[in-house]
Amino acid sequence: MNPFESFGPKDEAVVEYDDGEFHIVKPGAHVICAVTGVHIPLKALRYWNVDKQEAYVDAAAAQKGFDLERKS
């Protein structure tokens, strides 16, 4: 990430999700919850699915995301 690169509060980050951590591919202020569509600030990102490469706003949304995966 270039320290001179700037982004605004409306810019979505591109993130690669790993087990226990995530890596920012393209800087931004937030990612979008795959279940609710809510913007999640990167500082608040706690839930994601490595296999589906999706972020979730909270535990309830994560459970729904994982339940949908099992039904597919």
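The values are calculated or read from the model by the stated rules, or taken from the named source; none is laboratory data. As the structure is a prediction and not an experimental result, all values here were calculated from the model. With ideal geometry, Cβ positions are generated from the backbone for all residues, glycine too; neighbour counts draw on all protein chains shown.
Key figures for this structure:
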read-out	value
Residues that are touching a residue at least 24 places away in the same chain (Cβ under 8 Å) and of a type in the set (S, T, N, Q), drawn from region 39-67	Asn49, Gln53
Test: Glu21 is farther than 21 Å from Leu68 by Cα and at pLDDT 95 or above	yes
Single residue of region 39-72 satisfying the filter (of a type in the set (A, V, I, L, M, F, W, C) and within 24 Å of Gly8 (Cβ to Cβ)) that is farthest from the chain's Cα centre (by Cα)	Ala44
Number of positions in region 16-38 that are crowded, with 17+ Cβ neighbours inside 10 Å and either in contact (Cβ under 8 Å) with a residue 40 or more places away in the chain or within 10 Å of the chain's Cα centre (by Cα) (or both)	6
